[in-house]
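S.K.: Here you go, one structure.
The values are calculated or read from the model by the stated rules, or taken from the named source; none is laboratory data. As the structure is a computational prediction, the values presented were derived from the model and not from experiment. As a convention, Cβ positions derive from the backbone with ideal geometry for all residues, glycine included, and neighbour counts pool all protein chains shown. Surface accessibility is based on the protein's heavy atoms, side chains included, excluding ligands, DNA and RNA. Shrake-Rupley method; radii C 1.70, N 1.55, O 1.52, S 1.80 Å.
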Amino acid sequence: METKATPSRRTFISLAIAAPLLTWGLTSCGTTGPGGGSAGGASLWALSGDPNETIRKNSVDAFNKANPKTPLGLTFFQNDAYKTKIKTAIGAGQAPTMIYGWGGGTLKSYVDGGQVDDLTSWFEENPEVKERLFAGAFGAGTIDGKIYAIPIQTVQPIIFFYNKELFEQAGAEPPQTWSDVMSLVTTFNERGIAPFSLGGQSRWTSMMWLQYMFDRVGGPQVFTDIFEGKPDAWSHPAAIDALTKIQELVKADGFIKGFNSITADSNADQALLYTGKAAMMLHGSWTYGGMKNDGGSFVQDGKLGWVPFPAVEGGLGDPKNAVGNPSNFLSISSKASDEEKETAKKYFAESLSNDDEVAAFIETGAVPVVNGIEDMIQETEESEFLSHVYELGANAPAFQQSWDQALSPTAAEELLNNIDQLFVLSITPEQFATNMNETLGK
């Protein structure tokens, strides 16, 4: 799941974080050691940058205090440096005991190389660990039906946002079906308002549309076949139908004019929604914090709305299915000693997603991948939105990982190139499928 993820895609709602995190930090003691595990201990590499860095450090410090004979060594790296470092370390047989990652295509490459352990039997022996976490989050950590990684941290689904004020002025209701979407396109175009904001130059923003449409039309198996490299999987009739519907939306002026020159990294697409220039926007849950910070009183005045992605009439996908970033993950290196592996599994069972860690994530405005935390979320200032994110993550029958993270780097880049051409109508759905079929298994 290698991705050129921007900071905004790797973090969630980065609202005020320092004060609450200090509370846990002050109650924890001990120190995090160097990257290598000590005798009987284990090692863990993680990404720097708060809030996740402070939360992970506090978690390891608390574990080390409780387990002084088998301490964890913790080392932080910046995102891009980590991707280079971990690739080299794994290739040299010098990976840390616990390998931090994004699941999907990169995890599959580790599995194919025999570099990470199959954790399926351990989860069967420790069902309380698995049952505590979102069932849908395990998908990106599962290869060929076997679990190779434990979900950690937070869920980041893609959300269907809308501008409540514009809908009220138009006398419109948020869409429940694809027909509703196409009807709203007409409604808002007639009022001189762009139906959808889109930062199309960034390409992965357009990809989010395809992810939901493939699911709603054909169900999750369509992309599963692609991920598994089945011949001509991109030419599945449901895939062609989904691609066709997207181009119908483009031809109906569903997206703001000039969308292919708008970048998401500048948050220009978010601004179009909260300034009233666009009525709707499909984007990651992480944009909520940005709109609250940058959109004046837009969020605070209750003008931001959100609904599940609409169903497609006759489609096979469950409307509860979600797409986005289901979680980050930890795997266990196959090169680690038996003692190191046991320490890692003890950390999985006792410290990951425990009550302290869950409370810390929620205090930062994020939703950890943990079941049964509704009451804790209700006590937050952002309870209405966070409850929607929680419901999406906890109850999704299928949670499809972002395609540019699920596929291999080679296939992901080709995907983004073809998405760009699809949205500007320079290739047909059939040509898109043919081009992408050539990447299967690569």
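S.K.: Positive end of the charge dipole of the chain (Lys, Arg +1 and Asp, Glu -1 on Cβ, about the Cα centre): tell me which of GLY219, PHE399, ALA344 has its Cα farthest that way.
M.R.: ALA344
S.K.: By how many degrees, between 0 and 90 and to the nearest 10, does the Cα long axis of helix 178-190 differ from the longest principal axis of the chain?
M.R.: The two axes meet at around 60 degrees.
S.K.: Step through the residues of segment 357-373 one at a time and calculate ³J(HN,Hα) from phi using the Karplus curve (6.51 cos²θ - 1.76 cosθ + 1.60, θ = phi - 60°), rounding each to whole Hz and writing x for Gly and Pro.
M.R.: Ordered by residue, 3J(HN,Hα) equals 5, 4, 4, 5, 5, 5, 4, 8, x, 10, 10, x, 7, 10, 6, x, 10 Hz.
S.K.: Here's something else I'd like to know. Near the amide H of SER43, under 5 Å away, which other amide H atoms are found, from residues 5 or more places off or on another chain, if H is placed in the peptide plane?
M.R.: Those qualifying (amide H under 5 Å, at least 5 residues apart or on another chain) are GLY37, GLY73, THR97, MET98.
S.K.: Quick one: angle between helix 409-423 and the longest Cα principal axis of the chain, in degrees between 0 and 90, rounded to 10, please.
M.R.: 20 degrees
S.K.: Please list, in chain and number order, the residues 5+ apart from LEU407 or on another chain whose amide H is under 5 Å from its amide H, with Hs placed from the backbone.
M.R.: Amide H neighbours of LEU407: GLY105.
S.K.: From the helices alone, meaning DSSP H stretches of at least four residues, give me the mean residue ellipticity at 222 nm for the chain, per-run term -39500 (n - 2.57), in deg cm²/dmol to the nearest 500. If you can, show how the numbers build up before the last one.
M.R.: Numbers: 21 runs with 203 residues, N = 442.
Helix contribution divided over all residues of the chain: -13500 deg cm²/dmol.
S.K.: Please identify every one of the GluC sites (Glu not before Pro) in segment 234-339 that sits in a loop by DSSP and has no more than 16 other beta carbons within 10 Å of its own beta carbon. It would help to have the intermediate numbers written out before the result.
M.R.: Details: sites: GLU248, GLU313, GLU339; in loops: GLU313.
Hits after loop and neighbour filter: GLU313.
S.K.: Let me ask something additional. Comparing GLU430, GLU384, GLU228, which has the greatest mean-square fluctuation in the GNM of the chain with Cα pairs linked when under 10 Å apart?
M.R.: The residue that fluctuates most here is GLU384.
S.K.: Right, another one. Only bridges with both residues in the chain count here: give the DSSP antiparallel percent, nearest 5. Provide the component values of the computation, followed by the final result.
M.R.: Numbers: 23 of 39 bridges.
Antiparallel bridges: around 60 percent, rounded to the nearest 5.
S.K.: Now, a different point. Whenever you get a sec, compute what percent of the accessible area on the chain sits on carbon and sulfur atoms (1.4 Å probe). Write out the running numbers ahead of the final one.
M.R.: Numbers: 8430 of 17320 Å².
Carbon-and-sulfur percentage of accessible area, whole number: 49.
S.K.: Quick one: which residues, 5 or more positions from ALA311 or on another chain, have an amide H under 5 Å from its amide H? H modelled 1.01 Å from N in the peptide plane, none for Pro or chain starts.
M.R.: Amide H neighbours of ALA311: THR177, TRP178.
S.K.: Efficiency by 1/(1 + (r/R0)^6): what FRET value for SER183 and LYS442, r their Cβ-Cβ distance, R0 = 41 Å, to the nearest 0.05? Before the final figure, lay out the partial values.
M.R.: Numbers: r = 40 Å, r/R0 = 0.99.
Given R0 = 41 Å and the Cβ-Cβ separation, E is 0.50.
S.K.: Sticking with this structure for a sec: Enumerate the calculated ³J(HN,Hα) couplings along segment 255-266 in order (Karplus 6.51 cos²θ - 1.76 cosθ + 1.60, θ = phi - 60°), each rounded to whole Hz, writing x wherever the residue is Gly or Pro.
M.R.: Working through the residues one at a time gives 9, 4, 4, x, 4, 6, 10, 9, 9, 7, 4, 8 Hz.
S.K.: To the nearest 20 debye, what charge dipole does the chain have about its Cα centre, counting +1 at the Cβ of each Lys and Arg and -1 at the Cβ of each Asp and Glu? Intermediate values should be presented prior to the final figure.
M.R.: Values: 31 positive and 53 negative charges, 196 e Å.
Result for the chain is approximately 940 debye, rounded to the nearest 20.
S.K.: Could I ask something else about it? With the contact rule set at Cα under 8 Å and sequence spacing of 6 or more, what percent relative contact order holds for segment 161-299? The partial results should precede the final answer.
M.R.: On the way: 172 pairs, mean separation 51.4, N = 139.
37 percent.
S.K.: How high is the relative contact order of the chain, in percent, counting Cα pairs under 8 Å that sit 6 or more residues apart? Kindly include the intermediate steps, with their values, before the conclusion.
M.R.: On the way: 841 pairs, mean separation 120.6, N = 442.
Value for the chain: 27 percent.
S.K.: Between 0 and 90 degrees, rounded to the nearest ten: what's the tilt of helix 338-350 against the longest Cα principal axis of the chain?
M.R.: So the inclination is approximately 60 degrees.
S.K.: Largest first, what is the accessible-area ranking of VAL307, VAL424 with a 1.4 Å probe?
M.R.: The most accessible residue leads, giving VAL424, VAL307.
S.K.: Provide the gained length on full extension for the span THR84 to ASN126, in nm with one decimal, where the gain is 0.36 nm per separating residue minus the Cα-Cα distance.
M.R.: Numbers: separation 42, 0.36 × 42 = 15.12 nm, distance 3.32 nm.
Stretched out fully, the THR84 to ASN126 stretch lengthens by 11.8 nm.
S.K.: If you don't mind, there's one more thing I want to ask. Please compute the modelled spin-label separation between ASN417 and GLN431, points set 7 Å along Cα→Cβ, answer in nm with one decimal.
M.R.: 1.4 nm
S.K.: When ligands, DNA and RNA are left out and all protein chains stay put, how many square angstrom of accessible area per residue does segment 379-442 have with a 1.4 Å probe? Mind dumping the intermediate values first?
M.R.: Details: 2610 Å² over 64 residues.
Averaged over the residues of segment 379-442, the accessible area is 41 Å².
S.K.: Accessible area, 1.4 Å probe, largest first: how do ASP215, ASP232 sort?
M.R.: On the way: ASP215 5, ASP232 100 Å².
I get ASP232, ASP215, largest accessible area first.
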